[in-house]
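The values are calculated or read from the model by the stated rules, or taken from the named source; none is laboratory data. All of these numbers come straight from a predicted model, not from anything done at the bench. All Cβ positions, glycine included, derive from the backbone under ideal geometry; neighbour counts span all protein chains shown.
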Amino acid sequence: MVEFEAFSPGVVKLFGEHAVVYGHPAVAVAIDRGVRVVCREGSGLRVRTVSTISGSVEWIGDKAVVESQFFAYIEAAYRLARERWGVSGINAEVVSELPPSIGAATSAATVGAFLKCAAGLAGAELSAEELAEMIYSVEKLVQGAASRMDGSVTAMGGVLLVRGSERVRLNVEIPELLVVLTPRRGTTRSLVAMVRELRERMPEVVDSVFATISSIVNRGVRCLESGDYRCVGELMTMNHWLLASLGLSNAQVDSLVRALSGAVYGAKMSGAGGGGVVVALPYTDSARAIAEGFGYEAVRARVWNGTRRGD
Ligand code: PMV
């Protein structure tokens with residue numbers, strides 16, 4: 001029986017989340033931890049999940065039993081694969097190397113890996129740009145609203161500068177990162193809505209925070225291009241405190257960012273906030289030990305440039 005395997009990376013944001021929703025630039029990085037899907041032809045949709053995500057969904061005729069939003073992504077991706085490539089049935093095993101819903105783009109990565117696997121089964125060509133658009137349409141359908149950032153980065157890999165629908169690949173080297181997984185309260189949707197409400201009440205204040213974040217991104221790109229990682233780290237930390245000023249961080253994450261300051265060039269929350277991923281540059285064993293001392297799982301991550309299995 002024909003079997004395919006595909007990997008799609010998780011994503012961390014070095015600079016610019018939230019401001020990107022209002023047309024400002026952001027820099028996001030694909031990492032070598034993400035979601036792997038192994039798929040075979042089958043009848044209908046059958047999904048088995050491994051590691052951090054549990055549950056299963058079976059597609060019977062036109063009815064799907066969706067146990068959680070996670071499966072809604074796979075179901076929507078399956079529908080798209082059926083429409084686009086005439087795929088009639090898939091047995092998929094989904095292995096996530098990152099916990100879901102903490103701001104590491106696991107939903108985009110799951111959809112990305114599933115669609116790559118489905119395209120493989122169907123013998124269809126799928127460019128990174130097409131894949132990015134397909135992930136975006138699935139995320140929009142399931143979440144109601146989405147930005148193109150996570151879908152683009154998980155589909156294209158590397159380090160991307162994102163602004164509106166524009167994506168520019170930055171040909172830069174980045175040392176290994178420390179990715180700390182802290183518990184998250186609140187969804188991307190609710191945190192984005194909170195910022196919108198704050199901006200409605202005090203537009204000039206929130207817009208000036210975003211303008212400063214925008215300057216951080218622009219300066220950050222120059223520092224990345226010149227390999228000045230000390231500067232990149234300093235700007236990441238500044239970006240963290242600006243996000244915290246909008247109420248997007250929490251006490252534990254703030255303490256962690258402070259505690260890491262002696263061991264790394266910089267650290268910040270990554271993604272929508274409310275806890276979740278904290279990214280620090282560069283990876284050091286002592287920084288990892290600090291994060292573990294807080295009781296958090298912490299992993300070493302490299303930039304993913306499309307060189308891992310199944311891509
Ligand atoms: O936490 P995540 O991975 O869903 O990232 C959200 C990033 C935001 O800029 C806050 C929202 C967006 O859609 O860009």
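Quick check on my filter: what residues within the stretch 117-158 are away from the ligand (no atom under 16 Å from the Cβ), in contact (Cβ under 8 Å) with a residue 40 or more places away in the chain, hydrophobic (A, V, I, L, M, F, W, C) and not in a helix (DSSP H, G or I)?
Ala124
Inside the stretch 11-34, can you point out the residues that are near the ligand (Cβ under 9 Å from one of its atoms) and touching a helix residue (DSSP H, G or I) at 6+ places or on another chain (Cβ under 8 Å)?
Val11, Lys13, Gly16, Glu17, His18, Ala19, Val20, Val21, Ala26, Ala28
Tell me the residue from Val264, Val253 that is within 16 Å of the ligand (Cβ to nearest atom) and aliphatic (A, V, I, L, M), please.
Only one candidate qualifies: Val253.
For the stretch 181-209, how many residues meet the condition of being more than 10 Å from the ligand (Cβ to nearest atom) and part of a helix (DSSP H, G or I)?
The qualifying residues number 16.
Answer with yes or no whether Ala263 is within 18 Å of Ala301 (Cα to Cα), in contact with a helix residue (DSSP H, G or I) (Cβ under 7 Å, 6 or more places away or on another chain) and not in a helix (DSSP H, G or I).
yes
Quick one: count up the residues across the stretch 141-156 that are surrounded by 23 or more Cβ atoms within 10 Å (Cβ to Cβ) and either of a type outside the set (A, V, I, L, M, F, W, C) or modelled with pLDDT under 90 (or both).
Result for the stretch 141-156: 4.
Table: residues versus (1) at pLDDT 90 or above; (2) assigned to a strand (DSSP E or B).
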{"site": "Val20", "(1), (2)": "yes, no"}
{"site": "Asp32", "(1), (2)": "yes, yes"}
{"site": "Val38", "(1), (2)": "yes, yes"}
{"site": "Arg46", "(1), (2)": "no, yes"}
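Within the bounds of the stretch 174-193, is there any residue that is within 17 Å of Ala26 (Cβ to Cβ), at pLDDT 95 or above and among the polar types (S, T, N, Q)?
The answer is no; no qualifying residue exists.
Looking at Val277, is it within 19 Å of Ser8 (Cα to Cα), of a type outside the set (Lys, Arg) and within 16 Å of the ligand (Cβ to nearest atom)?
yes
For residues in the stretch 162-180 being more than 12 Å from the ligand (Cβ to nearest atom), of a type in the set (A, V, I, L, M, F, W, C) and closer than 17 Å to Trp304 by Cβ, which is surrounded by the fewest Cβ atoms within 10 Å (Cβ to Cβ)?
Leu170
Look at Ser255 and say whether it is in a helix (DSSP H, G or I) and without any contact (Cβ under 8 Å) to a residue 12 or more places away in the chain.
Considered against the rule, which asks whether it is in a helix (DSSP H, G or I) and without any contact (Cβ under 8 Å) to a residue 12 or more places away in the chain, Ser255 comes out as no.
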